[in-house]
1. Tell me the residue from Tyr379, Tyr421 that is aromatic (Phe, Trp, Tyr) and open to solvent by 20 Å² or more (accessible area, probe 1.4 Å), please.
2. Which of the residues belonging to segment 293-338 are over 14 Å from Ser366 (Cα atoms), modelled with pLDDT under 95 and in contact with a strand residue (DSSP E or B) (Cβ under 6 Å, 6 or more places away or on another chain)?
3. If a residue has to be open to solvent by 10 Å² or more (accessible area, probe 1.4 Å), under 29 Å from Asp173 (Cβ atoms), in a helix (DSSP H, G or I) and in contact with a Ser or Thr (Cβ under 9 Å, 6 or more places away or on another chain) to count, how many in segment 104-137 make the cut?
4. Which members of segment 311-335 meet the condition of being open to solvent by 10 Å² or more (accessible area, probe 1.4 Å) and assigned to a helix (DSSP H, G or I)?
5. Can you tell me how many residues in segment 163-198 are part of a helix (DSSP H, G or I), in contact with a Lys or Arg (Cβ under 8 Å, 6 or more places away or on another chain) and open to solvent by less than 10 Å² (accessible area, probe 1.4 Å)?
6. Of all residues in segment 366-389, which are closer than 16 Å to Asn115 by Cβ and either touching a helix residue (DSSP H, G or I) at 6+ places or on another chain (Cβ under 9 Å) or without any contact (Cβ under 8 Å) to a residue 12 or more places away in the chain (or both)?
7. Name the single residue that is farthest from Ser299 (Cα to Cα) among those in segment 265-282 being among the aliphatic types (A, V, I, L, M) and open to solvent by less than 10 Å² (accessible area, probe 1.4 Å).
8. Within segment 378-393, can you find the residues that are assigned to a loop (DSSP other than H, G, I, E, B) and small (Gly, Ala, Ser)?
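The values are calculated or read from the model by the stated rules, or taken from the named source; none is laboratory data. Computed from a prediction, not measured in an experiment: that's the story for all the values here. All Cβ positions, glycine included, derive from the backbone under ideal geometry; neighbour counts span all protein chains shown. Just the protein is used for accessible areas: all its heavy atoms, side chains included, with ligands, DNA and RNA removed. Shrake-Rupley method; radii C 1.70, N 1.55, O 1.52, S 1.80 Å.
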Amino acid sequence: MATISNPMAASWCSSSTSSSSSGRRCSSLMVGLMMNSSRISSSYRFSSVPTIRHSNPPFLVKCCESSGNGSVAKRTILHDLYEKEGQSPWYDNLCRPVTDLLPLISTGVRGVTSNPAIFQKAISSSDAYNHQFRDLIQSGVDIETAYWELVIKDIQDACKLFEPIYDQTNAGDGYVSVEVSPTLADDTQGTVEAAKWLHKVVNRPNAYIKIPATAPCKGNIQPGVGWEWRLRGLGVWEGTKREEDEKNSETNNEGNWGDMIPFPLIFSLTRYEAVIDAYLDGLEASGLSDLSRVTSVASFFVSRVDSLVDKMLEKVETPEALDLRGKAAVAQATMAYQLYQKKFSGSRWEALVKKGAKKQRLLWASTSVKNPAYPDTLYVDPLIGNETVSTMPDQALQAFIDHGTVSRTIDRNVSEAQGIYSALEKLGIDWNQVGSQLEEEGVDSFKKSFNSLLATLQEKADAMNLVSR
């Protein structure tokens, strides 16, 4: 498997070659700017599954179309979601031309998440990357180096589009995320070096560098001279510029401590609590008197939980077990929000607040419905709460814009969620085992996407009669 052997020495990333704007569409997003007058009216109680609602929006916003132009959108439900309920809607997709994000920003999208699977789809299904790729290979770089150049340009260009939101919210929103190589998920030191490298070469204040919240990424590593790097707990990294070295390091971007890393691949309450503790430990150990610029999110995956637990319940086969299908994910997410409120309160947290600390927001990931029998907003509507982020791929975003409901739902049925969680345990569902299995499957999936894309790029280089080293 390909890895970044010496990420800090990759000077070729100091600049990016512009890409061709031509290319066939790699995906499309149906955005309904005119809301249906009759939306779903549902409290999303766990005892019943709402009727499936399919959206029928009036026009397409095309991602990766050659023009990159879109109509200026009017106020949508996404604006209400943020302004009335304090939840930030992000878009879980990225491809060229990134200017196709502009109409989404107009509809109320406030950030973008990416991962190896997203880039695998974007790059392999579009010729919008061909011009830059050809130039890179002809310049003598290898396939993986070319891959990172393509990704870095997309991240930088997207960050530019979201900078106004980042500035307007004082670094509250407007982020674009990029993940370190999934092949490093079991390599703590390699992950640290890759995160430092990405932070340096992307060089955007609103770029989030993601480290998987996997068990191997544990430790407290502080290498370097003049800079203090920490990978604390499960994926928390921050680079802190030491004040005495500022005068001699004006051009060095490695230590902008205002940039924090999100924690992707969280599938259980146990892992989530460890992530919060790692964040709090990092803040306390930083030695900073002003923590106001430190931001972070914890990516709690939702729909994949139901995909696995439903299969387990079907093996149990009892009426009680079958009745709990489609309820595990939202129940656990509801309890995660309760944990969030508990951990970010009390004397320990208040001491950090006095230094300007900000809460690590919960980010709901994997919000698209995997089972077509379930409502298409099942993992969005019931998880609306203040100080949270919901990152939605095309399907979920389109559905929510068309017929979602803006209402605080995350703590509406807490006792019922706790009952479902306990009932599943009594049926033999081991939540920690579920989390571990999904974590392993998630990392493996990203590795396969990453390696598949490298193979596709090699094939593309061969087809172009290019030589790669």
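1. Values: Tyr379 fails: open to solvent by 20 Å² or more (accessible area, probe 1.4 Å).
Testing whether each residue is aromatic (Phe, Trp, Tyr) and open to solvent by 20 Å² or more (accessible area, probe 1.4 Å) leaves just Tyr421.
2. Scanning segment 293-338 gives a single hit, Val297.
3. Residues meeting the conditions: 5.
4. Lys311, Met312, Glu314, Lys315, Val316, Pro319, Glu320, Leu322, Asp323, Met335 - these are the residues of segment 311-335 that are open to solvent by 10 Å² or more (accessible area, probe 1.4 Å) and assigned to a helix (DSSP H, G or I).
5. 1
6. If we filter segment 366-389 for residues that are closer than 16 Å to Asn115 by Cβ, which is where we start, we get 366-368, 389.
Passing the criteria: Ser366, Thr367, Ser368.
7. In the first step, residues of segment 265-282 are kept if they are among the aliphatic types (A, V, I, L, M); the result is 265-266, 269, 274-276, 278, 280.
Imposing the further condition that a residue be open to solvent by less than 10 Å² (accessible area, probe 1.4 Å) reduces the set to 265-266, 275-276, 278, 280.
Details: Leu265: 6, Ile266: 6, Val275: 10, Ile276: 11, Ala278: 14, Leu280: 16 Å.
It comes out as Leu280.
8. Within segment 378-393, the subset assigned to a loop (DSSP other than H, G, I, E, B) is 378-380, 384-387, 393.
Of everything in segment 378-393, just one residue is assigned to a loop (DSSP other than H, G, I, E, B) and small (Gly, Ala, Ser), namely Gly385.
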